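Working notes for the structure below.
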Amino acid sequence: MPKFSANLSFLYQDLAFLDRFAAAARDGFKALEYLGPYAEPKEKVAETLKANGLSQALFNVPSGDWAGGERGIACLPDRVEEFRNGISLALDYAKALACPQVNVISGLVPKGADLETLEKVLVENLRYAAPRCADAGIRLLIEPINLRDIPGFFLSTTNHAERILEKVGSDNLYIQYDFYHMQVMQGDLIPTFARLKDRIAHVQIADNPGRNEPGTGEINYGFVLSELDRLGYEGWVGCEYKPKAGTSEGLGWMKPYLK
């Protein structure tokens, strides 16, 4: 039976960040994820998780000026020191929140940049980060993201993610597999998941088109979720979608799995 994590960077947007924790718990979620907890003291976030009986499933390593349009810094040659400092901050929060994994957002390709240089920077940054995360007992993830929602994103397919994993050569580097992003970029969702399942540490869901809740588009999530069970996936299923109405009002798709 799948277990669901509420992505608070998408759900419950009418509430203040820490107020979203209780709302997610009331709706049956058992875990949370989001872009990052860094705007709040780690002690306060940990206290709010505990008060609502929630686990922390995942969050991202600091990813630059998100509000200003940046989408990660891990491939950028002039941001290496900032990325590595961000790993230390992410591990500090992950330990405080008992979070088992953190996700790296690779970044946008700068105009005129050499792609081989960007790949080398990303690989070296991950070679730096993976053993430090391993020493802390925390998995390190990278995420392919579709080029329609984020034009110019450096890492957009599972094939590229596999190449990065091979070049880094760490057994503590995994893929975050977002079914929505991969439907947009390549399709063949379950065969690809099945082939890579030993290197996938976290999955996320949204329907396509629209990036709304399951049942609003073309992806057969009844089949997808049953296949995750059949294939032995035991991690969280991150609900990273834009509710068509309100978050709670759109959770009918999830109710059969909560019984």
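When the residues of the range 208-224 are filtered to those that are assigned to a loop (DSSP other than H, G, I, E, B), free of Cβ contacts under 8 Å to residues at least 60 places away in the same chain and in contact with a Phe, Trp or Tyr (Cβ under 8 Å, 6 or more places away or on another chain), which remaining residue is farthest from I150 (Cα to Cα)?
Residues of the range 208-224 that are assigned to a loop (DSSP other than H, G, I, E, B), as a first pass: 208-220.
This time we only want the ones that are free of Cβ contacts under 8 Å to residues at least 60 places away in the same chain, so: 208-210, 212-220.
Cutting the leftovers down to in contact with a Phe, Trp or Tyr (Cβ under 8 Å, 6 or more places away or on another chain) gives us 208, 212-215, 219.
Working: N208: 15, N212: 17, E213: 20, P214: 21, G215: 24, I219: 20 Å.
Among those residues, the one meeting the criterion is G215.
Could you pull out the residue among F59, F83 that is assigned to a strand (DSSP E or B) and of a type outside the set (A, V, I, L, M)?
Working: F83 fails: assigned to a strand (DSSP E or B).
Being assigned to a strand (DSSP E or B) and of a type outside the set (A, V, I, L, M) holds for just one of F59, F83, which is F59.
Being in contact with a helix residue (DSSP H, G or I) (Cβ under 7 Å, 6 or more places away or on another chain) and not in a loop (DSSP other than H, G, I, E, B) is the requirement here; does L32 meet it?
Values: in contact with a helix residue (DSSP H, G or I) (Cβ under 7 Å, 6 or more places away or on another chain): yes; not in a loop (DSSP other than H, G, I, E, B): yes.
Answer is yes for this residue.
Considering only the range 7-22, I want to know if a residue exists there that is small (G, A, S), buried (at least 18 other Cβ atoms within 10 Å of the Cβ), outside any loop (DSSP other than H, G, I, E, B) and modelled with pLDDT of 95 or more.
no
Scan the range 86-123 for residues that are acidic (D, E) and surrounded by 14 or more Cβ atoms within 10 Å (Cβ to Cβ) and jot them down. So that I can check it myself, show each step before the final result.
From the range 86-123, those acidic (D, E) are 92, 114, 116, 119; that's our starting set.
E119, the sole residue that qualifies.
Determine which member of the set E43, E82 is without any contact (Cβ under 8 Å) to a residue 40 or more places away in the chain and either farther than 30 Å from I164 by Cβ or over 15 Å from the mean Cα position of the chain (by Cα) (or both).
Numbers: E43 fails: without any contact (Cβ under 8 Å) to a residue 40 or more places away in the chain.
Matching residue, one of E43, E82: E82.
Listed here are the residues, each with its yes/no results for (1) acidic (D, E); (2) farther than 23 Å from R127 by Cα; (3) out of contact with any strand residue (DSSP E or B) (no Cβ under 6 Å at 6 or more places or on another chain).
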site: R26; (1), (2), (3): no, yes, yes
site: N52; (1), (2), (3): no, yes, yes
site: N60; (1), (2), (3): no, no, no
site: W66; (1), (2), (3): no, yes, yes
site: P77; (1), (2), (3): no, no, yes
site: K111; (1), (2), (3): no, yes, yes
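Filter the range 225-238 down to the residues that are small (G, A, S) and either free of Cβ contacts under 8 Å to residues at least 12 places away in the same chain or part of a strand (DSSP E or B) (or both), then identify the one that is farthest from L32 (Cα to Cα). Outline the logic, then answer.
We begin by selecting, within the range 225-238, every residue small (G, A, S); these are 226, 232, 235, 238.
Among the residues that remain, those that are also either free of Cβ contacts under 8 Å to residues at least 12 places away in the same chain or part of a strand (DSSP E or B) (or both) are: 226, 238.
On the way: S226: 22, G238: 8 Å.
Among residues in the range 225-238 that are small (G, A, S) and either free of Cβ contacts under 8 Å to residues at least 12 places away in the same chain or part of a strand (DSSP E or B) (or both), the one farthest from L32 (Cα to Cα) is S226.
Quick grid of which residues meet (1) in contact with a helix residue (DSSP H, G or I) (Cβ under 8 Å, 6 or more places away or on another chain); (2) closer than 30 Å to K44 by Cβ; (3) among the small types (G, A, S):
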{"residue": "C75", "(1), (2), (3)": "yes, no, no"}
{"residue": "V80", "(1), (2), (3)": "yes, no, no"}
{"residue": "G86", "(1), (2), (3)": "no, yes, yes"}
{"residue": "S106", "(1), (2), (3)": "yes, yes, yes"}
{"residue": "D114", "(1), (2), (3)": "no, no, no"}
{"residue": "L118", "(1), (2), (3)": "yes, no, no"}
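Say we look at the range 239-249 and pick out the residues that are farther than 16 Å from N208 by Cβ and touching a residue at least 12 places away in the same chain (Cβ under 8 Å); which of these is surrounded by the most Cβ atoms within 10 Å (Cβ to Cβ)? So that I can check it myself, show each step before the final result.
Let us first name the residues in the range 239-249 that are farther than 16 Å from N208 by Cβ, namely 245-249.
If we keep only those that are touching a residue at least 12 places away in the same chain (Cβ under 8 Å) too, we end up with 246-248.
Numbers: G246: 12, T247: 23, S248: 14.
Out of the qualifying residues, it is T247.
The values are calculated or read from the model by the stated rules, or taken from the named source; none is laboratory data. What you are looking at is a predicted structure, and each value in this text was computed from that prediction instead of being measured. Note that we place each Cβ from the backbone using ideal geometry, even for glycine, and neighbour counts take in every protein chain shown.
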